[in-house]
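Shown next, in structure tokens, is the structure this report addresses.
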Amino acid sequence: MAMTDTEYHQLADEMFDRIETAIENAIDEQDADIDIDASGNVLQLEFADSSKIVINKQEPLHQIWVATRFGGYHFGYVDGKWIDERNGGEFMPFVRESISRQGGIELSL
């Protein structure tokens, strides 16, 4: 059964909130150097070296897209999980690994 726009936004917003909370905890606990800019459907993370990770909602497709310095990734909601459409990886482990690789910051997600 197809997901409604309302369900999509609720699920995507939950993921955005989890990421923001984990980053705020890392800033407090590790004195992590990362800026968060949450605006509309976009969550932008900027690191000390000025590199960015951009996470955004693609409402028409009911996907979450992630752009890192290593490439772009598209995640769809499948069987209760956000899954990368190319390699089948899960969203949160991917985001945690990307933030670690790009910014040297370990998150508890």
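Summary of values
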| read-out | value |
| --- | --- |
| Number of positions in segment 53-71 that are more than 12 Å from the chain's Cα centre (by Cα) and either among the basic types (Lys, Arg) or more than 22 Å from Met3 (Cβ to Cβ) (or both) | 3 |
| Unmet requirement for Glu106, which otherwise passes all of (1) within 24 Å of Met3 (Cβ to Cβ); (2) touching a residue at least 12 places away in the same chain (Cβ under 8 Å); (3) open to solvent by 60 Å² or more (accessible area, probe 1.4 Å) | (1) |
| Answer from Tyr77, Tyr73 - the residue that is within 21 Å of Ile105 (Cα to Cα), in contact with a helix residue (DSSP H, G or I) (Cβ under 8 Å, 6 or more places away or on another chain), in a strand (DSSP E or B) and aromatic (Phe, Trp, Tyr) | Tyr73 |
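Yes/no per residue for (1) in a loop (DSSP other than H, G, I, E, B); (2) on the phi < 0 side of the Ramachandran plot; (3) surrounded by 15 or more Cβ atoms within 10 Å (Cβ to Cβ):
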site	(1), (2), (3)
Met15	no, yes, yes
Thr21	no, yes, no
Glu24	no, yes, no
Asp37	no, yes, no
Leu43	no, yes, yes
Glu46	no, yes, yes
Ser50	yes, no, no
Val66	no, yes, yes
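The values are calculated or read from the model by the stated rules, or taken from the named source; none is laboratory data. These numbers come from a predicted model, not from an experiment. Glycine gets a Cβ as well: all are built from the backbone with ideal geometry, and neighbour counts include every protein chain shown. Accessible surface is based on the protein model in full, side chains and every heavy atom, while ligands, DNA and RNA are left aside. Shrake-Rupley method; radii C 1.70, N 1.55, O 1.52, S 1.80 Å.
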